[in-house]
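These notes concern the structure reproduced below.
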Amino acid sequence: MEFINGFKPTTLFETLYKEMLDKRILYINDDISDMTIDMVAVPILLLNEAEKDIPVEKLKPITIWLSSYGGSADACSFTVETIENSRIPIHCKVLSIAASAGLYITVACHKRIASKNSIFLLHKGSISLGNASMGEAEDLIAFYKDEVGGIFDDLILRRTKIKADELKKIRRNETYCLAQDALEKYGFIDEIV
């Protein structure tokens with residue numbers, strides 16, 4: 001099956017991905033998942049390894065184009081840690097929405113930019129328990145609330161204007177905002193374009 005100008009879908013995707021990677025652009029336009037690790041975190045790790053002998057001031061930034069409603073806390077945590085530990089500067093440009101896990105990835109980046117109509121969401125998160133027993137469910141909720149939630153709370157407190165007492169209040173609700181408040185009120189981003 002041909003898709004566009006003779007490219008098959010896989011070939012088109014591979015061609016676009018290679019061109020973007022050559023320009024040091026990574027793209028998240030979906031839920032944060034194991035695929036995010038493969039398509040974003042792993043290339044950051046590989047580029048850091050390939051450029052480990054280049055002085056930091058000579059490293060060319062990697063830009064993540066992001067539009068995500070959120071997703072897996074586990075994949076988000078790995079991606080955030082990869083971004084924060086990167087010698088190469090990681091910039092993020094929010095194209096439309098940075099919600100939940102997408103917001104944490106945005107906040108972790110060294111430079112954070114958004115279009116003026118971008119939407120942001122900070123909230124408690126959600127969890128799927130499947131067929132867990134009551135004990136398993138309680139343990140899982142406690143672990144993600146206290147341990148994993150603590151990782152993300154620390155990120156927000158370190159990288160935004162939000163203070164600890166305010167964060168507790170914000171987390172009680174679904175806190176949505178547009179780019180102007182994300183910049184001025186919360187400090188989720190550094191610039192609006």
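The values are calculated or read from the model by the stated rules, or taken from the named source; none is laboratory data. All of these numbers come straight from a predicted model, not from anything done at the bench. Every residue, glycine as well, gets a Cβ built from its backbone with ideal geometry; the counts of neighbours run over all protein chains shown.
For the reader, a short list of remarks on this structure follows.
- Residues being more than 15 Å from the chain's Cα centre (by Cα) and either at pLDDT 90 or above or not in a loop (DSSP other than H, G, I, E, B) (or both) - total across segment 110-131: 3
- Checklist (1) modelled with pLDDT under 95; (2) crowded, with 16+ Cβ neighbours inside 10 Å; (3) β-branched (Val, Ile, Thr) applied to Ile141, failing item: (2)
- Restricting segment 76-85 to residues that are hydrophobic (A, V, I, L, M, F, W, C) and within 17 Å of Trp65 (Cα to Cα) leaves a set whose member that is modelled with the lowest pLDDT is Cys76.
- Subset of segment 65-75 [over 16 Å from Tyr27 (Cβ atoms) and either at pLDDT below 95 or surrounded by fewer than 20 Cβ atoms within 10 Å (Cβ to Cβ) (or both)]: Ser72, Ala73, Asp74
- Of residues in segment 144-193 being among the β-branched types (Val, Ile, Thr) and not in a helix (DSSP H, G or I), the one surrounded by the most Cβ atoms within 10 Å (Cβ to Cβ): Ile189
- When each of Ile62, Ile83, Ile54 is tested for being over 29 Å from Arg171 (Cβ atoms) and either buried (at least 17 other Cβ atoms within 10 Å of the Cβ) or of a type outside the set (Val, Ile, Thr) (or both), the lone residue that passes is Ile62.
- Candidate set from segment 1-26 (those that are assigned to a strand (DSSP E or B) and modelled with pLDDT of 95 or more); member that is surrounded by the most Cβ atoms within 10 Å (Cβ to Cβ): Leu26
- Residue check, Ile88 assigned to a loop (DSSP other than H, G, I, E, B), out of contact with any Cys (no Cβ under 7 Å at 6 or more places or on another chain), modelled with pLDDT of 95 or more and crowded, with 17+ Cβ neighbours inside 10 Å: yes
- Taken over segment 86-102, the criterion of being closer than 15 Å to Lys124 by Cα and either in contact with a Leu (Cβ under 7 Å, 6 or more places away or on another chain) or free of Cβ contacts under 8 Å to residues at least 24 places away in the same chain (or both) is satisfied by Ala98, Ala99, Ser100, Gly102.
- Note on segment 150-173: among residues that are under 22 Å from Ile113 (Cα atoms) and among the acidic types (Asp, Glu), the one that is modelled with the highest pLDDT is Asp154.
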